[in-house]
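So the structure is just underneath, and the comments pick up after that.
What follows draws every value from the coordinates through simple rules; no lab data is involved. Quantities reported herein were computed from a predicted structural model and do not represent experimental measurements. Cβ atoms come from the backbone with ideal geometry, glycine included; neighbour counts cover every protein chain shown.
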């Protein structure tokens, strides 16, 4: 079950820009997809995650990936998605730990007050839809269709803290 992280959690982009979570949340909430590039399960969800995040690009939310790898490995895994979206490298999985995630991939809505508005672990379309609904309601935005016609079948994911 997702938990409220410390405001002092430092998130570093793949470009090397480091700020605390509190600083990243100064203006906007965060819609975050957390993935592990060393598992098939995270690769299976990339197209779906990108589609969902794109649907919120104009909303009052920072859409982003947290990748449990170094910056170079995150860029290699995501390819052009690493520059299309704000992307954080989490090689020590400190963000994953502080978010209280047990399974990856995960979709997490971190509100500007640092609370977790909603979270889904693994690829469970109904739970991802609930996260998207919370984001859409909070930001007065439309929500994507989840699952979409090309999305994978549901799966549990893999352990977040290996």
**OP:** Run down 69, 59 and say which single residue is free of Cβ contacts under 8 Å to residues at least 40 places away in the same chain and part of a loop (DSSP other than H, G, I, E, B).
**Re:** 69
Subject >> Hits in segment 3-26 (condition: touching a residue at least 60 places away in the same chain (Cβ under 8 Å), closer than 23 Å to residue 57 by Cβ and part of a loop (DSSP other than H, G, I, E, B)) >> reply: 14, 25, 26
Subject >> Criterion (over 15 Å from the mean Cα position of the chain (by Cα) and assigned to a helix (DSSP H, G or I)) met by exactly one of 82, 136, 132, 74 >> reply: 136
**OP:** Could you check how many residues of segment 103-128 are surrounded by fewer than 19 Cβ atoms within 10 Å (Cβ to Cβ) and closer than 17 Å to residue 45 by Cα?
**Re:** 4
